[in-house]
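What follows is calculated from the coordinates using simple rules that are stated; it is not laboratory data. Not measured: the values here are computed from a predicted model. Reconstructed Cβ throughout: ideal geometry from the backbone, glycine too, with neighbour counts over all protein chains shown.
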Amino acid sequence: MIERIHICSDIRCTGCAACFNICRHKAISLISDDEGFLRPQINSERCINCGLCQKVCPENNFVKRNEQPLAVYSGWSKDEQIRLNSASGGAFAEIARFFIEHYNAAVFGVTMNKNLDAVHICVESLKELPKLQGSKYIQSKISDAYRQAEKFLRENRYVLFSGTSCQIAGLKNYLRKDYSRLYTIDLICHGVPSKRVFDDYIKYIGKSLNHPVYDIRFRCKKDSWIFFNMAANSYFEKGFSKLKYEYEGAYFKDPFIRAFLRDNILRPSCYQCQYTSVNRVADYTLADWWGYRKINKIDKGFEQKGVSLVLCNNFKGQSIINKFNLELRERTIEEAIKTNSSLINPFKMPVERVIFWQDYNNMPFEEIVKKWFSPEKLSPSLYVLYTMKPSLFRRVLYKIFFIYEKFSRMAHVNIIKIKA
């Protein structure tokens with residue numbers, strides 16, 4: 001008989017898989033719920049009631065945090081190809097490359113498999129590293145990655161483990177001890193969207209291409225880094241350019257990105273995430289440095305190439321940061337918070353989320369797209385940034401529209417106050 005395991009409350013379960021990894025009796029499985037999120041289930045015939053699953057759950061047991069970051073940077077890889085092939089500035093790839101080259105480390109990260117599932121894997125060579133580059137806007141399947149990491153650590157190997165903050169918390173609680181050769185990277189996370197919605201979106205795009213989709217890129221930089229686009233192919237081709245795709249969906253009109261940013265499809269635990277704090281669980285924290293402004297000539301082209309935010313959260317991470325092949329600019333934690341609000345606050349659950357899922361369970365996906373994932377209308381200032389190439393004329397035009405929009409909003413607020 002299989003029953004739902006109540007390790008922690010459903011609304012707080014992050015799907016970190018610490019419980020799955022700790023169970024040596026194979027009593028726990030991770031099964032998709034009605035919204036497409038993995039949750040633990042227990043086989044009561046195999047369970048021996050040892051309680052280890054509850055003891056390692058980060059929602060039941062506090063995970064040690066770092067104090068405020070020792071250093072904050074904006075920056076990017078000095079290798080142009082690595083930077084272009086990464087979601088932002090290539091910070092993860094450079095950190096991973098250093099650990100492989102200098103420490104012969106086992107590096108854990110996320111790749112998309114042939115079924116377009118995001119899965120945690122381990123790579124041990126530079127040749128394999130590109131598999132881990134780029135953002136994946138669905139929650140990865142940890143599988144037995146924690147067990148693999150523990151095995152390497154017990155063999156006295158260096159391990160670099162990357163994931164969302166809840167996954168790093170899951171790893172640390174699973175290990176139940178500190179390892180000097182373990183280094184961790186977490187992400188400033190918007191929240192993890194539904195795999196069920198993603199799968200339906202892939203079928204929707206495949207239908208428009210008249211072929212199944214075999215390759216997906218969540219952050220295509222063909223037009224811009226600051227306005228990320230979705231991209232997809234329905235076929236493989238050796239040596240095929242990553243900047244050329246059959247389908248390219250602008251962030252303001254692609255159905256999946258619209259759904260993701262409107263927050264109805266996030267995992268319930270994401271709305272009350274305990275890790276949205278400057279007190280991080282990992283050695284390094286990475287994100288995009290949104291709102292970056294050019295400082296000097298070396299910054300030329302940053303809008304296409306990408307810029308990373310890097311937090312060094314403890315002395316362990318800070319002691320080797322200057323050894324990475326990164327162009328770094330010192331910043332403040334206040335600046336970092338301005339560029340990423342989810343560094344300190346989770347996104348709120350939309351009031352219409354219940355209605356959305358009622359519709360989703362009763363309407364064809366095409367109708368859901370029309371009702372819930374409709375395109376976002378760009379303001380004049382954003383339209384200028386998105387459609388025009390960087391130039392003095394674009395900067396002037398953008399500032400004119402930006403100032404106009406700012407005063408229009410202020411005037412609208414004042415009119416409402418007067419009427420009230």
Quiz item: If amide H atoms are built 1.01 Å from N in the plane of the peptide, which residues on other chains or at least 5 residues away come under 5 Å of the amide H of Arg39?
Solution: Ile31, Ser32, Asp33
Exercise. Give me the lysines in straight-line cross-link reach of Lys55: C-alpha distance below 30 Å, same-chain residues under 8 apart excluded.
Key: Lys26, Lys64, Lys136, Lys141, Lys151, Lys172, Lys177, Lys195, Lys316, Lys348
Practice problem: Rounded, prolate or oblate: pick one for segment 307-420, where a ≥ b ≥ c are the square roots of the eigenvalues of its C-alpha gyration tensor, a/c under 1.5 means rounded, and failing that, prolate if a/b is larger than b/c, else oblate. | Solution: oblate
Quiz item: Which loop trypsin sites (Lys or Arg not before Pro) in segment 260-309, with loop taken from DSSP, have no more than 14 other Cβ atoms within 10 angstrom of their Cβ?
Solution: Arg293, Lys294, Lys300
Practice problem: Springs between alpha-carbon atoms under 10 Å, Gaussian network over the chain: tell me which of Asn340, Asn322, Asn314 tops the mean-square fluctuations. | Solution: Asn322
Self-check item: Cα pair distances exceeding 25 angstrom across segment 1-125, given as percent
Solution: 48 percent
Quiz prompt | Largest-first principal axis extents of the Cα set of segment 21-71 (Å) | solution = 49, 30, 15
Quiz item: Which trypsin sites (Lys or Arg not before Pro) does segment 195-225 hold that lie in a coil by DSSP with at most 15 other beta carbons within 10 Å?
Solution: Lys222
Practice problem: Take the Cα gyration tensor of segment 286-350, multiply each eigenvalue by 5, square-root it, and list the three semi-axes largest first, rounded to whole angstrom. | Solution: 22, 19, 10
Quiz item: What is the distance, in nm, between label points placed 7 Å from the Cα along the Cα-to-Cβ direction at Glu367 and at His6?
Solution: 3.7 nm
Quiz item: Using a Förster distance of 35 Å, how high is the FRET efficiency between Lys55 and Glu334, based on the Cβ-Cβ distance and rounded to 0.05?
Solution: 0.40
Quiz prompt | Potential lengthening between Asn314 and Trp290 on full extension [0.36 nm per residue; Cα-Cα distance subtracted] | solution = 6.3 nm
Practice problem: State whether segment 237-321 is rounded, prolate or oblate according to the following rule on the C-alpha gyration tensor (a ≥ b ≥ c being the square roots of its eigenvalues): a/c under 1.5 gives rounded; otherwise a/b larger than b/c gives prolate, and the remaining case gives oblate. | Solution: oblate
Exercise. Could you calculate the FRET efficiency of Lys323 with Lys297 from 1/(1 + (r/R0)^6), where r is the beta carbon distance between them and R0 is 22 Å, rounded to 0.05?
Key: 0.30
Quiz item: What value, in deg cm²/dmol to 500, does the helix sum -39500 (n - 2.57) over DSSP H runs of n ≥ 4 give at 222 nm once divided by the residues of the chain?
Solution: -9500 deg cm²/dmol
Quiz prompt | Whole-number D in µm² s⁻¹ for the chain, Kirkwood Cα-pair radius fed into Stokes-Einstein, 37 °C, 0.692 mPa s | solution = 144 µm²/s
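Rounded to the nearest 0.05, what FRET efficiency is calculated for Glu352 and Ile31 with R0 set to 30 Å and r the Cβ-Cβ distance? Spell out each step's value before the answer.
Numbers: r = 27 Å, r/R0 = 0.90.
Between Glu352 and Ile31 the formula returns 0.65.
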